[in-house]
1. A:M333 passes all but one of (1) more than 14 Å from chain B (Cβ to nearest Cβ); (2) within 30 Å of B:L7 (Cα to Cα); (3) over 33 Å from the mean Cα position of the chain (by Cα); which number fails?
2. Out of curiosity, is A:N213 within 14 Å of chain B (Cβ to nearest Cβ) and not aliphatic (A, V, I, L, M)?
3. For region B:1-28, name all the residues that are modelled with pLDDT of 70 or more and either within 11 Å of chain A (Cβ to nearest Cβ) or surrounded by 19 or more Cβ atoms within 10 Å (Cβ to Cβ) (or both).
4. On the given criteria, is A:S434 in the same structural domain as A:R278 (by TED's automatic domain parsing), in contact with a Gly (Cβ under 9 Å, 6 or more places away or on another chain) and within 27 Å of A:A264 (Cβ to Cβ)?
5. If we scan region A:307-327, do we find a residue that is farther than 30 Å from B:Q57 by Cβ, of a type outside the set (D, E) and not in a loop (DSSP other than H, G, I, E, B)?
6. If A:I121 satisfies every condition in (1) in the same structural domain as A:W210 (by TED's automatic domain parsing); (2) over 25 Å from A:L193 (Cα atoms); (3) surrounded by 14 or more Cβ atoms within 10 Å (Cβ to Cβ) but one, which is the exception?
7. Taking B:G66, is it modelled with pLDDT of 70 or more and more than 13 Å from every other protein chain (Cβ to nearest Cβ)?
Amino acid sequence: MNEAYLRQQFHNSSDVILRSFILRDETLLLLVYLDGMTRLQSVEDNILKPLIFSGLPQGIDRIQSLAEMFRREWLPLTNVKTDESLEDLVNHILQGSLGILVDGEASALIAQVQGFETRGIIEPQKESTLRGSKEGFVENIRTNTSLVRRRIIHPDLKMESYTIGKYTQTEVVLVYMQGLADEKVLSEVREKLGKIELNGVIDSAYIEEWLENSSFSIFSQIQNTERPDIVAACLLERKVALLTNGTPFALILPVTFWSGLQSADDYFERFVFVILNRLIRYVMTFISFALPAIYVALSTFHPEMIPSYLMISIATARENSPFPTVIEVFLMMFIFDGLQEAGVHLPNQLGPVMSIIGALVIGQAAVEAGIVSTPIIIVISLTGIASYTIPRYSATLPFRLIRYLFLFIAGWLGFVGFAFGIIFMLIHLVTIESFGTPYLSPIAPFDGKRIKDMIIRYPFWIRDGRNKKGSRPR
Amino acid sequence: MIRGILLSCVFLILILSSTSCADFVEPNQLAFVIGGAIDHAEDGSIEVSYQIVIPSQLSSKGGSSGDSDSFVVMSAKGKDVFEASEKIQIKMSRRLLTSHRVTMAISEEYFNKNDVSKLFDKLSRDPANNLRDIVLLIKGGSAKEFLMLKHPMERLSSIAAGKELQINGLRKFTSRQLIVDYLSEGIRSLVPVLQVKNFKTSRKNTNPIAVLSGIAVLNKKLKVKGLLNEDEGSGAIWMSGKGTFKGVTIPWKNGKGILSFRLTHLQRRINSYSRNDSKRIVLTVKAQAYLLDNTTPLDTTDVDNKIEIQKYVNEQIQKELQLTMDKVQQWGPDVFGIGEHLHRKYPYWWKSQKDDWDEKFKNIEVTVKADILLRSTGATGAPLK
């Protein structure tokens, strides 16, 4: 009867294998498993061989029947449990376990012998650093949890498991340091995880959108990373991480505006050089969203503010331009973003083709034809370069959007418009918060302790308020 | 969130309705005025000329279009600067942008026949003037002619004049400085004087070039009271605290050879001593001297000679500057700011003296002292034999 149910459940599933045996004492045994997701070698060695050839295994006590053996979960495997309901059984089989059913027995034995092909641990491509660990997360959540566990060897590292997704049944693990992580954040995350109604979780981005407080804000309130060392560092900074099965991207929360502008390398290099690097990065970030707007505002609304000789050379270059400056900058920005988007989707073999088209057609031919002027090419390419100094790709996206908004408002109202744009952006930034942490946090509201890791990265021992000579003088 | 978007939309619409979008001007709709000139015209009006850049001429590299000028001079007559500018604007296809003006040339004739202080009202009142432009007095010819000159090195004569002054250490002669001096009671203005002279610059060409030929001393009403030549002028600039560096050549005591110095870190200090109701002023000038040319038989590695030279230089410069000081004092205008110093030090005394200060300045006893430090005597010791 159970077999009939299973056969009906797994109707039209060619990869489900139901194999029945008749043992020496005439008991009927049914093995159910998914082909390709179980490591059958161990099953054959440890279950089938003894049962078929030697009869019931004999331990310290004598075992009378197969039923008793099942009750005691006596199988030479580490991960064994009993399932009472058929739904649970189906679920476990789908996850790659081996189901063993015995005729006349109410429960089924589950042996977790999953084994399937996975990707190896490689260096994360998007977040590569010059120094530091070369390990990156993979798609398998157990590998990922082990990568974190290996970095924090402490019983306070907790990993709570949740299953999300009606069809995908994706395992999501909430990782935190008990005692360090904020309880309020934890309960908020737990509550929100419980409320998620999704058909499927393909990537951690699916949960990210359910967790965010201000969904319509252009600034992301959750950080994602492929690097287990970043996760470990964030856990120690009292943050909380979420690992999702099937994706190498872990989520970290709460975050601030600045965490998008900080790179793992900041902590691996000597702090003196990091100060310079961060300064460059912050200035470049400003350039990446403000330069086109500033250029338009200055050259068309306030030409008296540009130094005389520079203004004359700009005017010389723009003498034959057919479009107004705003339109020209907009066109170039649009083309630049188009090139960037094309570059993401382009097969590797076609890469050189695009760079030739981009450099020749847009860079040279357009200037020579007099359609665009050289200062604008400089402005746009500087903006583009500046946006790549932001270490995380997802942190560049809001600035890319803002760039257009600022351009339009500056083309409309000049510097007044630009100032309004900045004011509105700041108003927005101070209103949003990420899981209780204000988004501009160490600066507004000001926090003297955490600011030590903001513009200037203090050496670790100063940041943590320690003394190099030992905190307890003897 | 939606409320916020709505609010910002309303806000934007309000801003838009309150401003006009006509502020928007493309660079190729602008005429960049690089130099300005003021000339006297008959019937009491003035002639304003603007040197305007032609950007398309500047862009042609290599100078293949050698004949065509990279600028155009437009001029018009009017009752004041604004009216004349409007008349120039009518002739132009682009909007005049005067904020980038580098020089403002005024002819000597205009200085003599008109009240220049009225001219500067427009310049200081209109916020579209950057006040960084250098005010020049053109001696001899008209200021308009000066604008039309073609400089052999620079594309624009007014930029050339600006650079010429800057490179020779005369940085503080902007219209801003002139207005500041004009508005303060205890200091009078100095204006650099340019004169157009012909120079043979190559085998074929003889180019007229405007060169610095002295400094004009202006009185309270911005009338020219006298002209100092280059040497006296640079001394006066030093004593008024506006100089940065200068060169000095002094013949040695017995007429055997000469000594040349470069003086840097030019400074001056005013001390005043009260004696009954009249004041005695000691003006100390300070500088660091670098010996660059020595045709005397002196061995400069010798410490005694060094002391001797330093002492001599101080004496000579003191004498020279005292002459300049006396000359200016005869004319009257206090270009050194001694009145300002007295104003600060004896405010109550100043109140009774500030009216007609130019006349009273003539009777003030001013002593010039030099405090020059010989920094270096150059790379060699005794002159080559």
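1. Result: A:M333 fails condition (3) only.
2. Details: within 14 Å of chain B (Cβ to nearest Cβ): yes; not aliphatic (A, V, I, L, M): yes.
Yes.
3. B:I2, B:G4, B:I5, B:L7, B:S8, B:F11, B:F24, B:V25, B:E26, B:P27, B:N28
4. Numbers: in the same structural domain as A:R278 (by TED's automatic domain parsing): yes; in contact with a Gly (Cβ under 9 Å, 6 or more places away or on another chain): no; within 27 Å of A:A264 (Cβ to Cβ): yes.
So A:S434 fails the test.
5. Taking region A:307-327 as the starting set, the residues that turn out to be farther than 30 Å from B:Q57 by Cβ are none.
No, that holds for no residue.
6. Unmet condition: (1).
7. Values: modelled with pLDDT of 70 or more: no; more than 13 Å from every other protein chain (Cβ to nearest Cβ): yes.
So B:G66 does not fit the description; no.
Yes/no matrix, rows are residues, columns are (1) closer than 16 Å to A:R278 by Cα; (2) aliphatic (A, V, I, L, M):
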residue	(1), (2)
A:I422	no, yes
A:M425	no, yes
A:L429	no, yes
A:T437	no, no
A:G448	no, no
A:K452	yes, no
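The values are calculated or read from the model by the stated rules, or taken from the named source; none is laboratory data. All values derive from a computational prediction rather than experimental measurement. Cβ: placed from backbone, ideal geometry, glycine included. Neighbour counts: every protein chain shown.
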